[in-house]
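Participant: Please see the structure below; I have some questions.
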Amino acid sequence: MEIGRQHMASDFGLVSLVLALMITALVPLLFLKHAAFKTELNYNSFYFFFKISFFLILSAFIFLVISFVFSDFSILAVYENSHIDKPLFYKISGTWGNHEGSMLLFILVISLYGFLFILFSKNLNESLKSTTVFFQSIIQLIFLFFLIFTSNPFEKIIPVPNQGLGLNPILQDPLLAAHPPFLYLGYVGFSLLFSLLLAGLITNQYSANWASIAKRWIFLPWTFLTFGIALGSFWAYYELGWGGYWFWDPVENASLMPWIASTALIHSILVMEKAKKLFNWTAILAILTFVLSLFGTFLVRSGILNSVHAFANDPRRGFFILIIISALTFAAFVIFILKSSRQGKDNASYIFLSREFSILVNNYLLIFALTVVIIGTTYPILLSVFAGESISIGPKYYNTILAPFVFVFLILMAIGPYLKWGKNFFSVVRFKFINILLVSIFLTAIISFILQKQDIVFWLGIACSVYLIISIIYETYYLKFTNLNYGRLFSHAGFGLLIFSITLNYFFSKEFTTKIPLGGSANYQDFKITFVNSFSQKQKNYEELFGYYEVEKGSTKVSLKPSIRKYNQPEQFTSETSIKNQWLSDFYIAMDYSKDPSNGIGVRFYFNYFIGLIWFSFVLITLGGFLGFIQRKNEKSN
Amino acid sequence: MRFLFCIFLFIYFLSTQLAFSSLDREIEIYKNIRCLVCQGQSLNDSNSDFANDLKKIIKTKLDNNETDKQIYKYLVERYGDWILFDPPIKTKTMFLWLIPLLTLIIGFYILRKKISFSKD
Amino acid sequence: MKNQIKIVILGLLVSIFIFIFYFGLGSNTKNNPQVMVFKKLPAIELRSLYDNNIKISLPRLNQEKFYIINIWASWCTPCRDEHPLLMKLGIEKKIKIFGINYKDNQASARSFLKDLGNPFYYVGIDPDGTNSIELGAYGVPETYIIDSKGIIVLKHVGPLNNDVYKKILTKIE
């Protein structure tokens, strides 16, 4: 009985998926038929079909989750990525912990955005709305084809094994279960903006009004993407056990690329809306944002890059994604080239030190940062194709090139919002900037004196970020808390705080790798680490060796309990870090696996200065994006 | 304006040279070397056999007053450029720095063309 | 007309993109273990496994056309698997093999050779792994072929198998 029900779920899932493909194919056909015969489209039934396709994809996804929950090993994806003894939570998250399931989630998000767009665009004119849905359904169709024909999540395995291979232990983590869905809600969400852009161009409605409509469809995925990146960073911090929060790993960079592009877009679309300029550039950015999202997927999925985030991958799938990206890019730019010339040329000029000027410089700097990230991530691939050599590009490359950029950017973020649209208003507000500058230099001097640090980069990092934060506080005070653009205030303040805390963290964090025998201790600068005790414990799906450590720093004494887990299926070791928070700083210990613990166990100790503030900054930035999404109407007054 | 831009570029490259030289030299070297048998970790973050052996060798070399350059050369000869996280500057890696620089310059000229200085 | 030119340029760019990343998919952006191949063997001195007072340098010039260096350890399971092939090379084919015993307990290394046979012309010890790193090794087992001028002509990472065995023989003959 039980068995039969399990198989039913997977059969229903496959049927829903195939039906979804057929219904999705119907949507653009319906649209094209009416366009060809110039008849009036029955919009309600047109949207209805798209909604049906969404519910079919949703049900396919739910059936896949059910198959994972009941451990239906007749499905290849379940067999390869799950196990009966796994806790329920990881059975569910295992659904998207593999290529097939996560591609289904990917498509679900494409469809979800189309669905939400239909629901929340009641007042939109039907031609723009229906054309957008048409493009969204085409994207959905392409990826459904890809899913069913190259990575069918319901593929059967015969004979049915009675046990699965298990989920990669490093993925058995509550944060990592939440990380991919948020990331997808982010960068897959940009598909809707992409469709909206193409629809705007095709229907000749790409205008300032389009910008006001499109804004919320940038803010929403941007917020999710920011949060997804933050979650990934937080996960890497405490799961990888390397003490850091950002490694400039190719997979991290892959999510950063669309983030930078969309951040540039959030700003440029304001110019389009308020100053009725920068139309072509905004269109290019909108295309770029979605293309980079797909490109990131390609980099992660194809196995082309070497990364800590090892994902089961397959070059053949990589090739399909490559063709999809190329086709979508080509099609989008062809539409752009043919249609943009009708909207008039972008030969408008920008007045020096006007608001739009500051956004132009913002885009200039962001494109520079984007170039650095793209080049740094793809250069090893280019070099291996053209020269057959392999190189690594690590944090130092990015840090040294991007640090000065960040300093300039912070100042710009402080000044830009004070400027006025269409005129040079700088002379009026100049005194404010000088006052704020003096205050921030004064504060930097105090901080530098208290922390006993003399270093140019340190001073620049602190001064620039303090400058931004103070200018925001000043603005809030000056405007007496009325008419504030909370979205911008929060995200800008968050970014300032982020750089402030990164600077502190960079200069004051300590790290120390050593081997300590049981009962022994090790000294490093003003830290003393003692290995007090160890014991092991058996769990359902792993065996765990704990170590008790005491860390002394001056008068503070912290006890930490890191561990090594030996998982059964598949057999693999993971290191569980132990982190104790002291004010805003962390004491952090990770143990290494050792064949012979009596000989001493390797530990990595990190003292992470002000790391708590980094997480708080991420929250602020995300909150800013969310406020931007819900508050966008009030902004007109600004 | 162009003059300002040149000054900016100059300060920029000066600061990239100044940046990040304040850390402990030994750790700095470890951080720049990939632990070849690990997944994307640096020597500094790894306690694997391979990493510990390499650290030992580097430490001996540091004690023998070898320069960073000599140490990196030793490692690159044996394991290739892949072992360094900070790619060496040579003809084949030049574009890593040239392309961002070109973006800066071209972007600046486009910006310059779009801006009018009329006082309002 | 102008639009057509733009579209052609766009098409070209997209094709270049496909071209690069298509080949990128097949290429190895990761590790290249062959860096040491066609380089001169570094000077390496090894103490003997059987008498720690004896010290021999790996020959950088030799009368034989080729000889083999093999890095191994008794605790390494793949080394056990490749051992019969080493025996074939060393005993049957009478090729000189220098063994480097990597981070091992010397007594267990000796009994390993006693049980499975000793294919080596000379076994040197590498108690802290530094000699292997000098050779550019990643771990155990690894096999190198050195020609008469002391140039490394072949490097194999991992246990020997029949294909590599044939490759070694063709190289040497």
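Values in this text are rule-based calculations from the coordinates and carry no lab data. Here the structure is a predicted model, which is why all the values come from computation and not from measurement. Neighbour counts are summed over all protein chains in view; Cβ atoms, including those assigned to glycine, are modelled from backbone coordinates with ideal geometry.
Participant: What is the calculated FRET efficiency for B:PHE8 to B:SER116, with r their C-beta to C-beta distance and R₀ = 30 Å, to the nearest 0.05?
Facilitator: Using R0 = 30 Å, I get an efficiency of 0.90.
Participant: To the nearest 20 debye, what is the magnitude of the charge dipole of the stretch A:1-167 about its Cα centre, counting +1 on the Cβ of each Lys and Arg and -1 on the Cβ of each Asp and Glu?
Facilitator: So the dipole magnitude of the stretch A:1-167 works out to roughly 480 debye.
Participant: How large is the dipole of the stretch C:90-149 about the Cα centre if only Lys and Arg carry +1 and Asp and Glu carry -1, each at its Cβ, rounded to the nearest 20 debye?
Facilitator: Using Cβ point charges on Lys, Arg, Asp and Glu, the stretch C:90-149 gives about 280 debye.
Participant: I would also like to ask the following. Compare the Cα positions of A:MET103, A:MET8, A:PHE70 along the charge dipole of chain A (+1 at Cβ of Lys, Arg; -1 at Cβ of Asp, Glu; about the Cα centre) and return the one farthest towards the positive end.
Facilitator: Checking the options against the dipole of chain A, the answer is A:MET103.
Participant: Using only the Cα atoms of the stretch A:1-80, construct the convex hull and provide its projected area averaged over every direction, in square nanometres to one decimal.
Facilitator: Answer in nm², one decimal: 5.9.
Participant: P(r) of the stretch A:530-630 in 10 Å steps, Cα pairs, percent per bin?
Facilitator: Whole-percent P(r) values from 0 Å outward: 14, 35, 25, 18, 7, 1.
Participant: What Kirkwood radius, in Å to one decimal, follows from the Cα pairs of the stretch A:1-167?
Facilitator: 16.7
Participant: Residues with beta-carbon under 12 Å from that of B:LEU54, excluding B:LEU54: net charge, scoring Lys, Arg +1 and Asp, Glu -1?
Facilitator: +2
Participant: Further, regarding this structure: Per residue of the stretch A:408-415, what does 6.51 cos²θ - 1.76 cosθ + 1.60 with θ = phi - 60° give for ³J(HN,Hα)? Whole Hz please, x for Gly and Pro, Karplus curve as stated.
Facilitator: Calculated HN-Hα couplings, in order: 4, 4, 4, 4, 4, 5, 6, 7 Hz.
Participant: While we're looking at this one, here's another question. Can you tell me the convex hull volume per residue for chain A, based on C-alpha atoms, in Å³ to the nearest whole number?
Facilitator: 178
Participant: Can you give the FRET efficiency to the nearest 0.05 for A:ILE450 and B:VAL37, using r as the Cβ-Cβ distance and R₀ = 41 Å?
Facilitator: Plugging the Cβ-Cβ distance into 1/(1 + (r/R0)^6) gives 0.40.
Participant: Hey, could you grab the Kirkwood Rh for the stretch A:464-620? Inverse mean 1/r over distinct alpha carbon pairs, Å, one decimal.
Facilitator: Taking the inverse mean of 1/r over all distinct Cα pairs, the stretch A:464-620 comes out at 18.1 Å.
Participant: Have a look at B:VAL37, B:PRO100, B:LEU84 and report the one farthest towards the positive end of the charge dipole of the stretch B:21-111, computed about the Cα centre with Cβ charges (Lys/Arg +1, Asp/Glu -1).
Facilitator: Going by the charge dipole, the pick is B:PRO100.
Participant: Now, a different point. Taking amide hydrogens as modeled 1.01 Å from N in the peptide plane, which residues meet the under 5 Å criterion relative to A:GLU576, leaving out close sequence neighbours?
Facilitator: Placed amide hydrogens put A:SER563, A:ILE564, A:ARG565, A:MET591 under 5 Å from A:GLU576.
Participant: Using a simple charge model, +1 on the beta-carbon of Lys and Arg, -1 on the beta-carbon of Asp and Glu, nothing else, what dipole does the stretch C:33-172 show about its Cα centre, in debye to the nearest 20?
Facilitator: The calculation lands at about 480 debye.
Participant: Summarise the partner chain shielding of C:12-24 as one whole number: the mean count of Cβ atoms from other chains within 10 Å of each residue's Cβ.
Facilitator: For this peptide, the per-residue mean of nearby foreign Cβ atoms is 6.
Participant: Sticking with this one: I'd like the antiparallel share, as a percent to the nearest 5, of DSSP beta bridges with both residues in the protein assembly as shown.
Facilitator: Bridges in the protein assembly as shown that DSSP calls antiparallel: roughly 85 percent.
Participant: Can you work out the Karplus-derived ³J(HN,Hα) for every residue in the stretch B:97-108? Use 6.51 cos²θ - 1.76 cosθ + 1.60 with θ = phi - 60°, whole Hz, and x for glycine or proline.
Facilitator: Those phi angles translate into 9, 5, 5, x, 5, 4, 4, 4, 6, 4, x, 4 Hz.
Participant: Averaged over B:34-46, how many beta carbons belonging to a partner chain fall within 10 Å of each residue's beta carbon?
Facilitator: 5
Participant: For B:LYS90, go through the lysines and keep the ones whose alpha-carbon is under 28 Å away, minus same-chain ones fewer than eight residues off.
Facilitator: Excluding near neighbours in sequence, the set is A:LYS396, B:LYS31, B:LYS55, B:LYS59, B:LYS61, B:LYS69, B:LYS73, C:LYS30, C:LYS39, C:LYS40, C:LYS155.
Participant: Evaluate peptide C:132-139: per residue, the Cβ atoms of other protein chains within 10 Å of its Cβ; return the mean as an integer.
Facilitator: 4
Participant: Kindly identify the stretch C:33-172 as rounded, prolate or oblate by the Cα gyration tensor criterion: order the square roots of the eigenvalues as a ≥ b ≥ c, call it rounded if a/c is under 1.5, otherwise compare a/b with b/c, prolate if a/b is larger, else oblate.
Facilitator: The shape class here is rounded.
Participant: Continuing with the same structure: For every other residue with a beta carbon closer than 15 angstrom to the beta carbon of A:THR530, add +1 if it is Lys or Arg and -1 if Asp or Glu, then tell me the sum.
Facilitator: In short, +3.
Participant: Please compute the net charge surrounding A:TYR593, taking Lys and Arg as +1 and Asp and Glu as -1 over other residues with Cβ under 10 Å from its Cβ.
Facilitator: After counting each charged neighbour, the total is +2.
Participant: Give me the Debye-computed log₁₀ of I(q)/I(0) at q = 0.12, 0.21 Å⁻¹ for the stretch B:21-111, equal point scatterers on Cα only, no solvent, two decimals.
Facilitator: Debye output, listed in q order: -0.47, -1.02.
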